[in-house]
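The values are calculated or read from the model by the stated rules, or taken from the named source; none is laboratory data. As the structure is a computational prediction, the values presented were derived from the model and not from experiment. Ideal geometry is used to build each Cβ from the backbone, glycine not excepted, and the neighbour counts take in all protein chains shown. Just the protein is used for accessible areas: all its heavy atoms, side chains included, with ligands, DNA and RNA removed. Shrake-Rupley method; radii C 1.70, N 1.55, O 1.52, S 1.80 Å.
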Amino acid sequence: MSNSRLKHCRRRLLVDPPASAATDIAFILIIFFLVCASVQPDTGRSQTIPRSEEQQDKSRQSRNIEVSMSPGAVVVNGNVVAIEDVQAKLKSLLAGRQREADRIVVVKSAPATTYDRWITVTGQIEEAGGIITLKLEKQKEIIID
Amino acid sequence: MKLKRQKFDASIPSVAMGDIAFLLLIFFVILARAQDDSHLRWDPASSENVANVGNPLASIVIDADGKYFLNGKQTTIDSLSTKLGSVLGNIPSGNRAVMFKVDKATTAELFEPAIEAISRAGGDLVHILEPEKEE
């Protein structure tokens, strides 16, 4: 094979793609990534929280199950319960309660409780069949002259 | 004597179409980015039972720094309920879903008032969580 023929073959391999197609390629790539980004749906859990009221019926409140949580412990009706046992404990407490009003579980969180922990505990309450109600304590600022 | 009219070629240059479409696309992408909350930094909590949520009307984010955002715009906890109420308007109950995106390390003193604000505005609370990974 002669040298001139070899050179000719190499030149054929190094053919640049037409520059006019670059925009079209970029356009199609953008469409591809946009579609990929938009098809990923959000996942989550809906939660029914009753509308907030300033005061509640004291007699009804005393009948409700109360779950208090802090960064270190979960307390159900005054008894400390391990976080993995909350569902079983609530199931036994809610057994026999048919009416929605009787299945209300009052959730009280210490200010330092993390969202991660709160989601775990409230998830267990819902699994046990409880209806979550939040008990919030308002801070009042009193200025003394 | 007849004068010939000079004819001008008035066709739109088709070579530039790709560039125009490209710039329009960039423009709309930037416009959409300004309205959503994808630029915010938050680490979702995980849960066993999660389902796909639809397209809620509003999203509230509490980011890793404890700042509140309504539909991508920073807001304060005091004005959250009012602003959310105006976003939800008179939409009937059941269609008033609000995405609640909270960084998992956020404490109750920050996220509970936001839940209360959603409740006061009549929103349907949807916690955005990631599915728990099996070990």
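Cβ-Cβ distances below 6 Å connect the following pairs, each with a first residue in the stretch A:15-34 that is over 15 Å from B:Phe27 (Cβ atoms), a second residue that is open to solvent by 70 Å² or more (accessible area, probe 1.4 Å) and of a type in the set (Asp, Glu), and a separation of six or more residues or different chains: A:Thr23/B:Asp19. The set of residues in the stretch B:87-135 being part of a helix (DSSP H, G or I), more than 7 Å from chain A (Cβ to nearest Cβ) and open to solvent by less than 10 Å² (accessible area, probe 1.4 Å) consists of B:Leu88, B:Ala114, B:Ala117, B:Ile118. Tallying residues that are modelled with pLDDT of 65 or more, open to solvent by less than 80 Å² (accessible area, probe 1.4 Å) and within 10 Å of chain B (Cβ to nearest Cβ) within the stretch A:46-70 yields 5.
Within the stretch B:39-60, the only residue that satisfies the criterion of being touching a helix residue (DSSP H, G or I) at 6+ places or on another chain (Cβ under 8 Å), at the interface with chain A (Cβ under 9 Å from one of its Cβ atoms), surrounded by 15 or more Cβ atoms within 10 Å (Cβ to Cβ) and part of a loop (DSSP other than H, G, I, E, B) is B:Ala45.
Report, by residue number, each residue of the stretch A:71-82 that is open to solvent by less than 60 Å² (accessible area, probe 1.4 Å) and in contact (Cβ under 8 Å) with a residue 12 or more places away in the chain.
Of the residues in the stretch A:71-82, the ones open to solvent by less than 60 Å² (accessible area, probe 1.4 Å) are A:73-76, A:81-82.
The answer is A:Val74, A:Val76.
Within the stretch A:83-128, being more than 12 Å from chain B (Cβ to nearest Cβ), among the small types (Gly, Ala, Ser) and open to solvent by 30 Å² or more (accessible area, probe 1.4 Å) holds for A:Ala88, A:Ser92, A:Ala95, A:Gly96, A:Ala101.
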